[in-house]
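Participant: To start, I am sharing the structure in question, which I have written as structure tokens.
The values are calculated or read from the model by the stated rules, or taken from the named source; none is laboratory data. Keep in mind the model is a prediction, meaning the values are calculated, not measured. Neighbour counts are summed over all protein chains in view; Cβ atoms, including those assigned to glycine, are modelled from backbone coordinates with ideal geometry. For accessibility, only protein heavy atoms count, side chains too; no ligands or nucleic acids. Shrake-Rupley method; radii C 1.70, N 1.55, O 1.52, S 1.80 Å.
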Amino acid sequence: MAAREAVYTNLGPGSYRFRLVASNSEGLWNGPEIAFSLNVAPAYYETYWFLLSCVAVFIALLWALHRWRVHQLKIQEKRLRDVVETIPAMTFTALSDGRNTFVNKRWTEYTGLSVEQSSGGGWQRAIHPDDFVRHSEKWRISVASGELFEDEARFRRAADGEYRWFLVRGVPFLDQHGKIIRWYGTLTDVEDRKRAEQEREKLRQLEDDLAHINRVTMLGEMAASLAHEIKQPIAAAITSANSCIEWLAHEPPNLDRARAAANQNR
């Protein structure tokens, strides 16, 4: 065999030792083998520093993506908070168990309770004592059942201590499995509507009282009219009877005049 070259492919980087022996055409092998070593240097993309650099770049990209996502979420949160703060009503959020976690600026300005003071069950300090038990029980039932919450209660205004009526609504936010993640709610001032309802109720009661007075007055007028109608013939009959008695008392009795007096009111 005249070839004096050996070709190896796909040799990875590393150290290699080659041992060489040869034979002649008669199949006789020569003396001791010849050995030599060589090193195959890795390509740049096979070096440790390159792999470490790739890992570092990948981690940096993940970190940058995470920071970008956090930044986007903060922007969205700020936009949402700006919207919440401009809503013409008091708003709140609560955990799935009903504990308060956030209230907007209108709540803190109205009640004088900060977000920290209102967290958990702290918001209950603003509710009217007469509404506390009923309102809290309805809230507990909605949290346990997951049903929409709606109730009217009075809340104290910090500026002057006045209690005003509010319509409180709460809506559960569910995940894809139907589990409650948190609650979102609003408080809308309905004091003017409640006062209007009270005024309408007073007006209705006044109308009922006036109708009753009218009925009583009409009955009194009817009674007076009947008494007058009855009194006149009775008085005439008494007069005729007295005249008849007088004529009969004469000596001798004047029967014709007595008869005429008795027949006068027939």
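Participant: For Asp130, only one of the following conditions fails: (1) more than 18 Å from Tyr163 (Cβ to Cβ); (2) of a type in the set (Asp, Glu); (3) in contact with a strand residue (DSSP E or B) (Cβ under 8 Å, 6 or more places away or on another chain). What is its number?
Facilitator: The single condition Asp130 does not satisfy is (1).
The rows are residues; the columns are (1) in contact with a helix residue (DSSP H, G or I) (Cβ under 9 Å, 6 or more places away or on another chain); (2) more than 20 Å from Glu150 (Cβ to Cβ); (3) at pLDDT below 85.
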| position | (1), (2), (3) |
| --- | --- |
| His66 | no, yes, no |
| Lys74 | no, yes, no |
| Val83 | no, yes, yes |
| Pro88 | yes, no, yes |
| Ala94 | yes, no, no |
| Gly98 | yes, no, no |
| Val103 | yes, no, no |
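Participant: Shifting gears a bit: Which is basic (Lys, Arg) and under 26 Å from Val133 (Cβ atoms), of Arg156, Arg215?
Facilitator: Answer to the selection: Arg156.
Participant: Right, here's the next one. Does the stretch 203-213 include one or more residues that are under 27 Å from Pro88 (Cβ atoms) and of a type in the set (Val, Ile, Thr)?
Facilitator: No: zero hits.
Participant: Looking at the stretch 175-215, which of the residues that are free of Cβ contacts under 8 Å to residues at least 24 places away in the same chain and outside any helix (DSSP H, G or I) is most open to solvent (accessible area, probe 1.4 Å)?
Facilitator: Gln176
Participant: Quick one: is Phe36 within 33 Å of the chain's Cα centre (by Cα) and either farther than 30 Å from Val190 by Cα or part of a strand (DSSP E or B) (or both)?
Facilitator: Criteria not met by Phe36.
Participant: Residue by residue through the stretch 67-104, note down the ones that are open to solvent by less than 40 Å² (accessible area, probe 1.4 Å), touching a strand residue (DSSP E or B) at 6+ places or on another chain (Cβ under 9 Å) and either β-branched (Val, Ile, Thr) or in contact (Cβ under 8 Å) with a residue 24 or more places away in the chain (or both).
Facilitator: Hits for the stretch 67-104 are Val84, Ala89, Met90, Thr91, Phe92, Thr93, Ala94, Gly98, Val103.
Participant: Any idea which residue in the stretch 128-150 is most open to solvent (accessible area, probe 1.4 Å), counting only those that are over 22 Å from Ile181 (Cβ atoms) and touching a Lys or Arg at 6+ places or on another chain (Cβ under 7 Å)?
Facilitator: Per the stated criteria, the residue is His128.
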